[in-house]
Amino acid sequence: MRITLEPRPPSRWREVLMPFAAIAASLVLCGLLIVIAGANPFQAFAIMGEAAFAGKFAITETVARAAPLVLTGLAALVALRTRFWNIGGEGQLLVGAMAAAWLGAREDIPVPLLVPAMLVGAALAGAALAAIPGLLKTRLKVDEVVSTLMLNFIVMYLMMALLSGPWKDPVTGWTDSPDILMDAEFPVFWAGTRLHLGVLVAVIAVIGIGIVLKRTSFGLAMKVVGENPKAAHHAGLDVGRITLFAVLLSGALAGLAGAGEVGGTQFQVIASISPGFGYAGLVVAMLARLSAVGVIPAAVFLAAITTGADEMSRQTGVPFFIADAVQGLSLIAVLVAMTLARYRIRWRPSPKREAAS
């Protein structure tokens, strides 16, 4: 027997229901892991939901944690629109964070310009890092998965070198960057919560990217390049330039996520400033079906899992890393669901058996 895939006729309902089916499948699989860990999966998920959405603090914490996921999800989405797999969102977030921390600690920048300088500097740093694999791909045909992934480790080790070297506190020995100035801290919109300017930046980014993708010639060109690069080339589009611009925009969005973590949450660069926001952005983009608006619920879902996993771990004894398992299983589930939405599986006799019959 051999397995073949036959194209299905287009169905709007399948496209809409696919992300929900993927999420349900990932939760079922994680439920099995929770059972293996010796806990009740229904109780565990109930604890996670309560910790993520029960009360003002829980909801605002989930929203704040979703902000960097929204931005890294948009970063992955924009690149994927041109068939560029940007696995480097993590590194681009880190360089954005470092740029924002450096600018936010400078006393020679006028106070009104501190926050704008952090945002612009972080976006430019992320775009500059993304330009490296972008140029390697468009000019030398170097595989972007390898180059973006390797750059993540280069940036991480560079950051650790700064934290344990020039940025290390000579008095306490703490391996953290200097705190940004109080005037550089992002404004908070709701006292007693972490709803800071970075959340608003994420929402504005969703609106802006949605407009670019749906209402501009550049968005249309990205779609054409992503669906059929050869046809785009024959139509007169500069495939390399469009891809490079999309990659630069992708890096800038990831860099903004780093600025949000420095300006609104940590107020400095620390070794654990990102628990994998850049990598999770790929899961967000896939769950969103490469839709800018869909990034928000996908990011909130993953943020809720992360926010609630800590409380679930304390009450049930299930390891906190179940949140990482949900992210990984969600990505696998959505890829399988995308395939099943477009193709049906057929079991056919092997060629030898057909010839014998």
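Counting beta carbons within 10 Å around each of Arg81, Arg65 and listing the fewest first gives the order Arg65, Arg81.
I need the calculated FRET efficiency for the pair Ile207 and Trp347, taking r as the beta carbon distance and R₀ as 35 Å, to the nearest 0.05. Between Ile207 and Trp347 the formula returns 0.15. Toward the positive end of the charge dipole of the chain, with +1 on the Cβ of Lys and Arg and -1 on the Cβ of Asp and Glu, the farthest Cα among Gly91, Val35, Val199 is that of Val35.
Could you please state, rounded to a whole Å, how far the C-alpha centre of the range 173-213 is from the C-alpha centre of the range 7-25? Centre-to-centre distance over Cα atoms comes out at 34 Å. Among the listed values [x] 19.9; [y] 17.0; [z] 23.3, the one matching mean projected area of the Cα convex hull in nm² as calculated from this structure is [z]. Counting neighbouring Cβ atoms within 10 Å and putting the fewest first, the residues Met18, Met312 line up as Met18, Met312.
Remark: the chain carries a charge dipole of roughly 2120 debye about the Cα centre, counting +1 on each Lys and Arg Cβ and -1 on each Asp and Glu Cβ. Distance from the C-alpha centroid of the range 72-151 to that of the range 245-282: 8 Å, rounded to the whole angstrom. A cut-off under 10 angstrom between Cβ atoms defines the neighbours of Met48, and their net charge, with Lys, Arg +1 and Asp, Glu -1, is -3.
Any aspartates and glutamates with Cα under 19 Å of the Lys230 Cα? List them, leaving off those in the same chain fewer than 8 positions away. Partners found: Asp143, Glu144, Asp238. As a proxy for reagent exposure, Ser250, Ser313, Ser272 were ordered by neighbouring Cβ count within 10 angstrom, fewest first; the result is Ser272, Ser313, Ser250. Of all aspartates and glutamates in the structure, those lying under 13 Å Cα to Cα from Lys168, and not within fewer than 8 positions of it along the same chain, are Asp176, Asp179.
Think of each Lys and Arg Cβ as +1 and each Asp and Glu Cβ as -1; about the Cα centre, that makes the dipole of the range 195-347 roughly 740 debye. Per-peptide packing, taken as the mean over residues of other Cβ atoms within 10 Å, places 23-33, 83-93 in the sequence 83-93, 23-33 from highest down. Compared with the dominant Cα axis of the chain, that is its longest principal axis, helix 239-261 is turned about 50°.
Straight-distance candidates among the lysines for linking to Lys223, with alpha-carbon spacing under 22 Å and chain neighbours fewer than 8 residues away dropped: Lys137, Lys141, Lys214.
Computed from the coordinates by the stated procedures, all read-outs in this text should not be read as laboratory data. Not measured: the values here are computed from a predicted model. Positions of Cβ are backbone-derived with ideal geometry, glycine not excepted, and every protein chain shown enters the neighbour counts.
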